Amino acid sequence: MTTLAADAPVAAPFEIVPRKALPIVALVLLGVVVAIARDARWGLVFCHVVGGGLWTAIDLFVGFIVGPILRGMSIPARIEFTKRLMPKMLVLMPTIVTMTLAAGFQLARQDGFLDTSNPRHAWVVTSFLVVGVMAVVALAYLGPANVAVLFELRKPQPDPRVVQKLMQRFVYTAGITGVMQVATLVIMTRLVS
Amino acid sequence: MSESLVDRKLPPVTEIGAAAMVAVAAGVIFNAAYLPKHAPTSVAIAILIVAAALEATNLFLVSRIRDFAWDRFKQVAGWFLVAYAVIAGMIEYAFIYDDTRGMQLVILTLMLLLFMLNVPVLAAFTVARYERV
């Protein structure tokens, strides 16, 4: 009995959603609403550029740098890393994405890019399509997998097959996300050139 | 040793939910591409109906699953609903702030509602399917 208990993997308790981060999220979203309400050009540019830069950089960094490193680590190390990274990503990414898109839409409106007669309107619509693809991937596959992995890792004895199956979604979609993020860089630099 | 829940056969809720998400995204992009003018209403309504039908199918399929971790499903869906109500509220605010009015606002609001309901179902289903009852 003692041996069994000692051998069994003990899941350390951890928060799926880091509650300490929620006031910061609320503050950021409030900042975006204020920037929109006041048509504050600098605030909107700040939210869009900072948010967009972080979104693209984190997506590419996690997908193409952290992901392959993680796959080369031992299972316990992967679990420990995932338990620390995933809750932060669960709060960070939706906040950054909301901040970027809300501010970006207002900037496009201010600059007249939303008008169908604007010569750069097609670029904006293309950016909508790119965001649409990323939204489907993130909201239908990655977000749910992220939460499910965290619930699995909180169990006294997580099922490695469940974790592996869910993590495969990140591997399969890394390429799509990478292409979409590079497309975003092309579109955004083209729009402001 | 009990069988892994990975081997459990369940309806294709994630795939149908993703298809609904594609329909909602297509509808919003279609409408937004015409702003500030109005997009053709018939096309937008058709996309809306497709998305609503897909989500209704998903809810029906989920409701028929036997031995399902409903407590976990409701817990995850509830919190996701709160989070996505905030996000959807922000988007709705932007639509109204940008003087979107009439039928276009109704269509966009309904699409936003479908988006807000779809994400919690997908997340809650993905978590609950791997919970033992």
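The values are calculated or read from the model by the stated rules, or taken from the named source; none is laboratory data. Bear in mind the structure is a predicted one, so any value in this text is a computation, not a measurement. Backbone-built Cβ (ideal geometry, glycine too); neighbour counts: all protein chains shown. Heads up: the accessible areas ignore ligands, DNA and RNA and are worked out on the full protein's heavy atoms, side chains in. Shrake-Rupley method; radii C 1.70, N 1.55, O 1.52, S 1.80 Å.
Across peptide A:132-139, how many C-beta atoms of other chains are within 10 Å of each residue C-beta, on average? Mind showing how you got there, number by number?
Numbers: counts 7, 2, 1, 7, 10, 2, 2, 11.
If you average over the peptide's residues, the count of other-chain Cβ atoms is 5.
Nearest 10 degrees is fine. How inclined is helix A:143-153 to the longest principal axis of chain A, computing both from alpha carbons?
20
Ranked from the most accessible area to the least, with a 1.4 Å probe and all protein chains present, what is the order of B:Thr14, A:Thr189?
Putting B:Thr14, A:Thr189 in descending order of accessible area: A:Thr189, B:Thr14.
Take every Cα pair under 8 Å in region B:11-133 that's 6+ residues apart, average their separations, divide by the length, and report that relative contact order as a whole percent.
That works out to 41 percent.
Got a sec? Charge dipole of chain A, +1 on Cβ for Lys and Arg, -1 for Asp and Glu; which of A:Val91, A:Ile16, A:Asn118 is way out at the positive end?
Working it through, the farthest residue towards the positive pole turns out to be A:Ile16.
Sorted from largest down, what three extents in whole angstroms do the Cα atoms of chain A have along their principal axes?
For chain A, the Cα spread along each principal axis is 74, 33, 23 Å.
Roughly how many percent of the accessible protein surface of region B:1-127 is carbon and sulfur, given a 1.4 Å probe and a whole-percent answer? Don't skip to the end; give the middle numbers.
Numbers: 4370 of 6200 Å².
It is 71 percent, rounded to a whole number.
At a 1.4 Å probe radius, which order do A:Glu15, B:Glu15 fall into by accessible area, largest first? Walk me through the numbers on the way to the answer.
Working: A:Glu15 80, B:Glu15 105 Å².
Output order, biggest surface exposure first: B:Glu15, A:Glu15.
As I understand it, the value is the acute angle between the Cα axis of helix B:70-97 and the longest principal axis of the Cα atoms of chain B; what does it come to in degrees, rounded to 10?
10
Report the relative contact order of region A:47-118, percent, no decimals, based on alpha-carbon pairs under 8 angstrom and at least 6 residues apart. Mind showing how you got there, number by number?
On the way: 27 pairs, mean separation 40.9, N = 72.
About 57 percent, as a whole number.
Taking the 0 to 90 degree range and rounding to the nearest ten, how far is the long axis of helix A:22-37 tilted relative to the main principal axis of chain A, both from C-alpha atoms?
The two axes meet at around 10 degrees.
Run a plain Debye calculation on chain B (Cα atoms as equal point scatterers, no solvent) and give log10 I(q)/I(0) at q = 0.14 Å⁻¹, rounded to two decimals, same order as the q list.
Computed log10 I(q)/I(0) values: -0.67.
Per residue of B:14-24, how many C-beta atoms from partner chains lie within 10 Å of its own C-beta, taken as a mean?
Counting Cβ atoms of other protein chains within 10 Å of each residue's Cβ and averaging gives 4.
Compare A:Ile187, A:Ile69 by solvent-accessible area with a 1.4 Å probe and give them largest first, with all protein chains kept in place.
A:Ile69, A:Ile187
Please compute the contact order of chain A in relative form: average sequence separation of alpha-carbon pairs under 8 Å and at least six residues apart, divided by the residue count, as a percent.
32
Checking an interface number: how much accessible area is buried between A and B, summed over both chains, with a 1.4 Å probe, in Å² rounded to 100?
By this definition, chains A and B bury close to 3100 Å².
Among A:135-143, A:54-62, A:99-107, how do they line up by average Cβ neighbours within 10 Å per residue, starting with the highest? Before the final figure, lay out each step's value.
Values: A:135-143: 21.3, A:54-62: 16.4, A:99-107: 23.7.
Put in order of decreasing packing, that is A:99-107, A:135-143, A:54-62.
Leaving out same-chain residues fewer than 8 places away, which lysines sit with a Cα under 26 Å from that of A:Lys165?
Partners within reach: A:Lys83, A:Lys88, A:Lys155, B:Lys9, B:Lys74.
Counting partner chain Cβ atoms within 10 Å of every residue's Cβ in A:146-154, what's the average?
What the average comes to for A:146-154 is 4.
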